[in-house]
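Please read the structure below before turning to the comments.
The values are calculated or read from the model by the stated rules, or taken from the named source; none is laboratory data. The shown structure was predicted, so the numbers you read here are calculated from the model rather than taken from an experiment. Ideal geometry is used to build each Cβ from the backbone, glycine not excepted, and the neighbour counts take in all protein chains shown. Accessible surface is based on the protein model in full, side chains and every heavy atom, while ligands, DNA and RNA are left aside. Shrake-Rupley method; radii C 1.70, N 1.55, O 1.52, S 1.80 Å.
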Amino acid sequence: MKKSFLFVVVVLFAAPFFAQKYTITPLPYNDDAKFSQVQNLTDQFDYALLKTDKQTDRTGKVFHYKKSNQDGSNADDVWIYYSNPYRSESFYTFQQDKNTFSIVYADYDKNYQSSKMISYAVDKKLKFTENAVSELNGNTITLKAGGKKKDDVINGIIPSYNLNFDFTDLNSMIPFLKNKEADFTFGFNNLYVPSKAVIAKAAVGLTSRIEMYVGKTVCRYTGKSTYKGTECFVYNIVAEGYENLSGKIYVDTSDYSIVEINTQHCGNPMYDSFKFTLVEKTTMTAEEWKAFYEGKIKEGVKK
């Protein structure tokens, strides 16, 4: 009798996991937005600039950024290395996660966005463990974690940049803007793999649906200004798709790298507001880059 009762309880609790499909779905800014009708904004960009403007070629260049709250707390390091203009390798350190490390390899396609991202966790013994893979096929993003497919999601705006990728893909594409002294528009994604705890809460109705946020974000050009000693193109962020996001983007006029992204609130619970600030630029060969981040891992990256 006891075993039968226990079996019934287990089945009732487990049933939602089998009966319901937990879809990572677009969360439109307006309820009536139809993001299944993909908005293609790629006419703002042109890869041909690589042939006429040498500033767009970042091969061998490394950009070191600090990601933090406005007050400097939760300061993490991000280094972006370009093995060629269409591929970035980003090495991250996470202070709030007990000095863990990860590296993300991203390839960029003709639509000026990351067509494939592979994220690895790296331990101090230089062991790489795959975290997640995000791959774009047409208008659909396939998300995998732990080697298993999690879901397909509609990519509503092209190009779309991934907030969880710490604006690395936005930094990579700005050089290919046809007109850097004008407004430009893109999509914003916040794509994450739900934990077992989140799925369990969703199953019993204790949390809202598991989501991918996507929507149109406009960067309104306000002119040139000297910021932190650098002449910059300055843009105001006007988010129509990512809730509660506003701020400024400062872009170096000499090489089109992001000098700083400063937002009032980005919805990340680990950050009350957000700064992504350039610390240093340098150049490295592929061998030097590999030795650099391996050295940082071995040192433990003291913060």
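The table that follows gives values for the structure above.
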{"item": "Computed over the stretch 42-173: relative contact order in percent, which uses C-alpha pairs under 8 Å that are six or more apart", "result": "14"}
{"item": "Relative contact order %, the stretch 102-164, counting alpha carbon pairs below 8 Å whose residues are six or more apart", "result": "23"}
{"item": "Cα shape, the stretch 53-171, gyration tensor, a/c 1.5 rule", "result": "oblate"}
{"item": "Largest to smallest accessible area among L143, L126 [probe 1.4 Å]", "result": "L126, L143"}
{"item": "FRET efficiency for N84 and T140, using Cβ-Cβ distance with R0 set to 35 Å, rounded to 0.05", "result": "0.85"}
{"item": "Spin-label model distance (nm) - K148 vs T226, 7 Å beyond Cα toward Cβ", "result": "5.8"}
